[in-house]
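Before any comments, here is the structure.
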Amino acid sequence: MSESSPPGDAKSFGRTMRSDESAVEKAKKASNFLRGSIQQTLDDQAVKEFTHDDQALLKFHGIYQQEDRDARAKVKETGIEPETWFMVRTRLPGGWMNATQYRALDDLATKYTYNQSLRITTRQGFQYHGVVKGNLHAVLKGVNDSLITTLAACGDVGRNVMASPAPLKDQAHQQLLELARKISTELLPKSTAYYEIWVNGEKHSDSNNGQGEEPFYGPAYLPRKFKVGIALPEDNSIDVYTQDCGLIAVVRGDKIVGVNVLAGGGLGMTHRKADTFARMASHIGYVDVEHAVEAMRTVAAIFRDHGNRADRRHARLKYVIEEKGVEWFQQEFRSRVNFELKPWVEVGPLRLNDYLGKYEQGDGKFFYGVWVENGRVMDYPENGPKYKTAFRAIVDRFGCDVVLTPNQSLLFANLTAEQVPQLEAILAEHKVRRLGELTLLRRYSMACPALPTCGLALAESERTLPGMLDELESEFERMGLLDQPLTVRMTGCPNGCARPYTADLAFVGRKPGVYDIFVGGRLAGDRLAELYAENVEEKQVLEALRPLLTRWSKQKRGEESLGDYYERVFGDGKPRTVLTGDKHTPALERIGQAD
Ligand code: SRM
Ligand code: SF4
């Protein structure tokens, strides 16, 4: 092991820190370990917003300052300035919670969100939207009282750790969850600021000393967010290739014996900026399971020490690896550990498993997966589904555990055989669609929140995808394609929050009512899509897709998905691992010519 930069060596913090460091870097270092002036602003009821620096720090506490963009759009009409809103995100390793915790989180949503909803995120967390400043403390305290945290759900730290969600009672699944929890704990900041501000109000003896509160991160934390997810070959719903550090469990018998380590995945990019791109994580190697946590920590340490701290647009690990190369990364990794980085172990082909419907757990009990439209657990008006009431009734009646999935859905665990039909009756009574009532198109769909809460949204997403799917369903039915599994994803901007670039088909917001269309990913999540059509008006989407859908319907081989068909016929034979924000000729132009 090199003496210069072992993971956790405080001397190595900011080894490559530049003099032109970004404003956020300065804010972090000046924050006294995430305190800033958050408490003062909370105490001052006359102040509605946090300072710019504090907004950056709040993210580490799991909070985003937002506003109601619907109201913003109507300011001219109404003359009323939108209220400052806050989004609060939980950190739930592997998406797990028990019934008591679910009830507590559900109660907080009823009391404190603008639309009484819990929003399941694409990383197995819950989000609260539209919380007002005066209620922030109550929400965070409430979350913590139920032994869940919002700490490090956002910010330049290790984010919520994802894991294949199936609550199966075999050894591999138990190990998987244990590993996700260990990694999550390992990545939690040690600063006591969070507890002082939100939980017990007490200053800890070691606080305010400005030193030593972050033995791993140091005062500037990471250059940017850092995402870890653990997949099993039979379930890559976590999209392992999109993680900063992905782990694929290698199972022998029913035991995880090691993990394949991937690094440098990420999806965020900017339209027309070729120097920003989505990137599939690179294969780094294999480590025995006892070294998995240290391996992840080492990947994070390399990022900490080499990530770009001047330009936040280029601050993700993917840019470090793309610039310096995989071999450099492997060498750096080896120099920091005293265990062996072994060659990558071939595992079976990756698949996506959404676990909807009824499954045996392996201990005589059952779990049951329920699809939630875009993860929004709420009671829709009139004849719409009443997810929130139904889920609460299920949890109250059966006391079951709840697991959030990476597909914005939810599993109820530890049910008896008799409880399953009762649960199904509750779903039916509340108009919640079950497996047989979903087309495959809808089943594997996801959309990010976008408007009205997301400050970065260029177009609608969650509120538009359901209607677009109605139209796609009619078109697919007409073409005899409804029984083809495929992933359809939508985002309101190119940041990629609903992981559009690994989907068979994706719509990425460009401006209000206008989307870029991407095609060519697939359910397995192991290939990037490419730009198919640019600047397509929402109403023209079907027309733009028709040439491709027609060919697919006539030429597909067996169950060939849209992405696989596209790749076979129009791909260049090489799996895409990088997708730039400035793509040359959209594929539709080529396909048009191929007629
Ligand atoms: Fe995301 C920023 C929502 C998963 C890439 N993401 C945001 C913000 C916080 C907007 C902002 O910065 O002001 C969004 C809040 C909207 C709102 O009103 O709720 C937001 N991201 C989400 C969620 C809720 C989408 C969802 O449909 O569930 C997901 C929360 C996950 C969680 O529980 O932690 C979410 N975001 C992702 C993913 C997917 C993933 O991690 O599996 C990605 C792509 C992977 C990646 O990180 O590259 C993603 N979000 C981004 C980016 C682009 C980062 C980049 O490197 O360029 C941003 C913009 C940023 O960070 O500046 C962003
Ligand atoms: Fe907001 Fe863009 Fe993420 Fe959607 S993809 S939530 S619009 S940042």
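Would you mind checking which residues have amide H under 5 Å from residue 410's amide H? H placed 1.01 Å from N; only 5 or more apart, or other chain.
Amide H to amide H, under 5 Å and 5 or more residues apart or across chains, residue 410 pairs with 370, 372, 405.
Using a 1.4 Å probe, what is the accessible area per residue for the range 46-144, in Å²?
On the way: 3920 Å² over 99 residues.
Per residue, the range 46-144 has an accessible area of 40 Å².
For residue 149, which sequence-distant residues (separation of 5 or more, or a different chain) have an amide H within less than 5 Å of its own amide H, given hydrogens modelled in the peptide plane?
91
Say the dipole of the chain comes from +1 at the beta carbon of Lys and Arg and -1 at that of Asp and Glu; which of 479, 135, 393 then lies farthest toward its positive end?
Of the candidates, 135 comes out farthest on the positive side.
Just checking the chain: which Cys have no other cysteine's beta-carbon under 4.7 Å?
Those would be 154, 245, 400, 454, 493, since no other cysteine Cβ in the chain comes under 4.7 Å of theirs.
Quick one: which residues, 5+ away or cross-chain, put their amide H under 5 Å from the amide H of residue 284? H built at 1.01 Å from N.
261, 262, 263
Residue farthest toward the positive end of the dipole of the chain, with Cβ of Lys/Arg at +1 and Asp/Glu at -1: which of 427, 114, 40?
40
Out of all DSSP beta bridges with both ends in the chain, state the antiparallel percent to the nearest 5.
Details: 59 of 73 bridges.
Antiparallel: roughly 80 percent of the beta bridges in the chain.
On average, how much accessible surface per residue is there in the range 459-550, in Å², for a 1.4 Å probe, leaving out ligands, DNA and RNA? Can you show the working numbers first?
Working: 2810 Å² over 92 residues.
Per residue, the range 459-550 has an accessible area of 31 Å².
Using θ = phi - 60° and the Karplus relation 6.51 cos²θ - 1.76 cosθ + 1.60, list the HN-Hα couplings for the range 150-164 in order, rounded to whole Hz, with x at every Gly or Pro.
Rounded to whole hertz, the list is 10, 4, 6, 6, 9, x, 8, 8, x, 7, 3, 8, 8, 8, 3.
Straight-line reach from residue 28: which lysines fall under 20 Å, measuring Cα to Cα and dropping same-chain residues less than 8 apart?
Partners within reach: 11, 59, 190, 203, 225, 227.
Find the accessible area per residue for the range 348-450; the probe is 1.4 Å, ligands and nucleic acids are left out, and the unit is Å².
Value returned for the range 348-450: 37 Å² of accessible area per residue.
Computing the accessible area with a 1.4 Å probe over protein heavy atoms, can you report the carbon and sulfur percentage for the chain? The partial results should precede the final answer.
Working: 10930 of 22720 Å².
Using a 1.4 Å probe with all protein chains present, the chain comes out at 48 percent carbon and sulfur.
The values are calculated or read from the model by the stated rules, or taken from the named source; none is laboratory data. Remember, it's a predicted structure, so these values are computed and weren't measured experimentally. Methodologically, a virtual Cβ is constructed for each residue, glycine included, from the backbone with ideal geometry; neighbour enumeration extends over all protein chains shown. Side chains included, ligands, DNA and RNA excluded: accessible areas come from the protein's heavy atoms. Shrake-Rupley method; radii C 1.70, N 1.55, O 1.52, S 1.80 Å.
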